[in-house]
Structure formats: structure tokens, C-alpha cells
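Asker: Dropping the structure in here first, questions after.
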Amino acid sequence: MAAPRSWALWSFCGRGWSRAVSGYRLPGLRSSSPRGPLGARLLSQEKEATETHFGFETVSEEEKGGKVYQVFESVAKKYDVMNDMMSLGIHRVWKDLLLWKMRPFPGTQLLDVAGGTGDIAFRFLNYVQAQHQRKQKRQLRAQQNLSWEEIARKYQNEEDSLGGSRVMVCDINKEMLKIGKQKAHAQGYKAGLAWILGDAEELPFDDDKFDVYTIAFGIRNVTHIDQALQEAHRVLKPGGRFLCLEFSQVNNPLLSRLYDVYSFQVIPVLGEVIAGDWKSYQYLVESIRQFPSQEEFKEMIEDAGFQKVTYENLTSGIVAIHSGFKL
């Protein structure tokens with residue numbers, strides 16, 4: 001989610017250390033003399049260049065950031081419940097498929113952007129922990145001569161149950177991160193997990209830092225999608241992978257009509273009944289229709305420098321998983 005261009009609060013889960021970081025973007029060049037036809041044209045072009053969409057509404061780029069922030073601040077507490085209600089629970093399957101497509105290896109360093117409530121991060125931790133445990137069991141089975149005391153000691157001395165894997169959850173919305181941290185505490189996630197408040201368009205990380213970058217149902221809310229993609233490319237290591245799970249365009253005409261009826265007639269009503277917020281869910285429905293098609297988004301990913309770019313439609317194109325590599 002894109003909004004104000006600042007970040008703070010880098011806290012490592014369970015360790016209590018933090019640092020504050022602030023940044024700024026150089027302002028764009030503007031015409032200083034609006035007089036006359038040329039000046040009027042320049043102002044008109046500047047206005048067009050700084051306008052964008054907030055759902056079906058046309059707003060300034062600066063205004064969109066604030067509006068998107070307010071949407072997710074409003075829905076944070078009911079975000080997970082609404083995801084279950086809106087998708088009838090299918091979003092869980094989509095996220096599981098994203099992890100199976102990722103297939104992280106031991107030691108994978110993951111950056112999950114717009115991942116505030118932790119759905120992708122928790123799945124990642126579960127996956128790598130299970131993978132590490134299977135590897136450990138294979139090693140023990142290969143050592144048939146060990147006594148049970150030695151086997152027990154090996155398990156007790158195991159300091160890193162994740163095999164060196166780590167996930168950094170980055171989100172621009174404080175309320176979403178707050179909910180994610182509460183879930184992590186309640187579900188017992190501590191090791192290998194960190195939370196940072198940051199902007200997808202200006203990530204507070206060094207170049208070539210992560211093995212995998214994920215963003216699930218977040219990139220359509222970014223003001224400058226091309227800039228977010230460039231940042232994803234920058235922070236990935238050579239050979240690193242970009243994975244995006246996002247709503248897309250339905251490729252079945254009959255399902256498309258039913259999906260539109262459900263989206264515009266049912267989802268905002270659910271938002272009002274469950275979360276007390278019609279407008280936020282009306283925006284979410286509209287933002288899906290404004291997002292580029294699968295092929296258009298594929299081209300944007302390639303323009304950001306990624307190679308071997310592909311996408312896989314899920315549920316007849318209601319969502320798609322986009323993949324690309326930094327080579």
C-alpha cells in the first residue's frame with residue numbers, strides 16, 4: 001500500500017531493538033510562470049501527470065496515498081474476517097498456492113511487502129520450518145548408530161528451527177502491522193520474523209538483499225506501480241524472485257458477469273454489516289477493475305527489469321500469480 005513517503009519503526013520480533021529512518025523524494029520540476037498559452041498548457045499537462053485513480057474516482061497522487069491509508073486503517077481489525085467472507089475462504093488456498101510456487105529453500109531471505117497482517121509471512125515460516133524438520137529427520141535416519149540420548153541432544157541443541165530462513169514484513173500502515181504483530185504473538189511466531197513500517201515505492205533496504213519478494217493483494221493500491229516494481233528489482237539479489245498475488249481479469253464471460261454482480265452488490269454490503277464500512281469495500285472492488293490485465297501487468301514487470309516473467313490464473317482469472325526473476 002502506498003501513501004506518505006516516510007518510514008519508521010524497525011523492530012525485530014522478540015528482541016526489542018528499533019531504529020527510526022526518514023526519507024524524502026526530490027520534488028518534480030514545475031513551471032514557475034503560468035502566464036500565457038504556453039504556461040496554461042504546462043499547468044494542464046502537470047495536472048494530468050499528477051492525477052490518478054482512487055477506485056473509479058479521479059484524485060491527485062498525493063490525495064490517493066492518504067485515502068488508501070485511511071481505507072486500510074479503517075478495515076485493519078476486520079481485514080482477515082472480511083477476506084474469509086468475501087472470498088468464501090478461497091483466499092487461503094490462493095495464498096497456499098503462492099507458497100507452493102515459491103518453494104523456499106533453507107536460508108531463504110523473504111521480503112513480504114504490504115503484508116501487514118502476516119498471512120504470507122506465517123505460511124512462509126510454517127513451510128520452511130516443516131522443510132527443515134524433514135531434512136533433520138533424514139539426517140538422523142542416515143545415522144543409524146546414534147543412541148537415543150545423542151538423538152535427543154541433537155534436537156535440544158537445534159537453535160534455528162528455520163534453517164537460517166527469515167521473513168521481513170513491510171507495510172506502510174501502522175494499524176495493519178499492529179494486527180499482524182498481535183496475530184504473531186497469539187500464534188507463537190517469534191523466530192525469523194521482523195516487522196517494518198515502510199513504503200513500497202521507497203523501500204528502506206540496501207540493494208541485492210533478499211532472495212524472494214512477495215506482495216499479495218497490495219500492489220494495486222500503490223500510487224506508482226512502476227516505481228514499486230523497480231524497488232522490488234533493486235532489493236532482490238541476482239537470481240532473486242518476484243512473486244505477486246493479485247486480483248485480475250476473469251476470462252470466463254458468464255463467471256465475469258456473476259463476479260461483477262457479487263462484487264458490486266454483495267461485497268460492500270458485507271463491508272457495512274461486518275466492518276461497518278461500506279465505502280472502503282466499494283473502493284476495494286473498484287480498485288480491482290482499475291488494475292491492469294494479466295498481459296499488461298506482465299509487460300510492466302518486464303519493464304522493471306525482470307526476466308522469465310510468467311503468470312498463472314487462479315479461479316478463472318479472478319486472481320493471478322505473477323512471477324519474474326532478477327537475472
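The values are calculated or read from the model by the stated rules, or taken from the named source; none is laboratory data. Everything quoted here is computed from the prediction, not taken from an experiment. So basically every Cβ, Gly included, is an ideal-geometry build from the backbone, and we count neighbours across all protein chains shown.
Asker: Give the number of residues within the range 216-233 that are farther than 15 Å from residue 300 by Cα and either free of Cβ contacts under 8 Å to residues at least 40 places away in the same chain or of a type in the set (A, V, I, L, M, F, W, C) (or both).
Answerer: First pass over the range 216-233, keeping only residues farther than 15 Å from residue 300 by Cα: 216-218, 221.
Subsequent filtering for residues that are either free of Cβ contacts under 8 Å to residues at least 40 places away in the same chain or of a type in the set (A, V, I, L, M, F, W, C) (or both) retains 216-217.
Residues flagged as farther than 15 Å from residue 300 by Cα and either free of Cβ contacts under 8 Å to residues at least 40 places away in the same chain or of a type in the set (A, V, I, L, M, F, W, C) (or both) within the range 216-233 amount to 2.
Asker: A further question follows. Mind listing just one residue for me: the one in the range 88-108 that is touching a Ser or Thr at 6+ places or on another chain (Cβ under 9 Å) and surrounded by fewer than 17 Cβ atoms within 10 Å (Cβ to Cβ) and, of those, modelled with the lowest pLDDT?
Answerer: Among those residues, the one meeting the criterion is 106.
Asker: Identify the residue in the range 178-190 that is part of a loop (DSSP other than H, G, I, E, B) and touching a Cys at 6+ places or on another chain (Cβ under 8 Å) and, among all such residues, is modelled with the highest pLDDT. If you could, list the steps in order and put the result at the bottom.
Answerer: Going through the range 178-190, the residues part of a loop (DSSP other than H, G, I, E, B) turn out to be 188-190.
Next, from what is left, pick out any that are touching a Cys at 6+ places or on another chain (Cβ under 8 Å): 189-190.
Values: 189: 93, 190: 88.
Result: 189.
Asker: Within the range 254-282, how many residues turn out to be among the hydroxyl-bearing types (Ser, Thr, Tyr) and farther than 16 Å from residue 87 by Cβ? Give the derivation first.
Answerer: Of the residues in the range 254-282, the ones among the hydroxyl-bearing types (Ser, Thr, Tyr) are 256, 259, 262-263, 280-281.
Still in the list and also farther than 16 Å from residue 87 by Cβ: 256, 280.
So the count comes out to 2.
Asker: I would also like to ask the following. Determine whether the range 193-200 contains at least one residue that is at pLDDT 95 or above, touching a Gly at 6+ places or on another chain (Cβ under 9 Å) and outside any strand (DSSP E or B).
Answerer: Yes, the range 193-200 contains a residue that is at pLDDT 95 or above, touching a Gly at 6+ places or on another chain (Cβ under 9 Å) and outside any strand (DSSP E or B).
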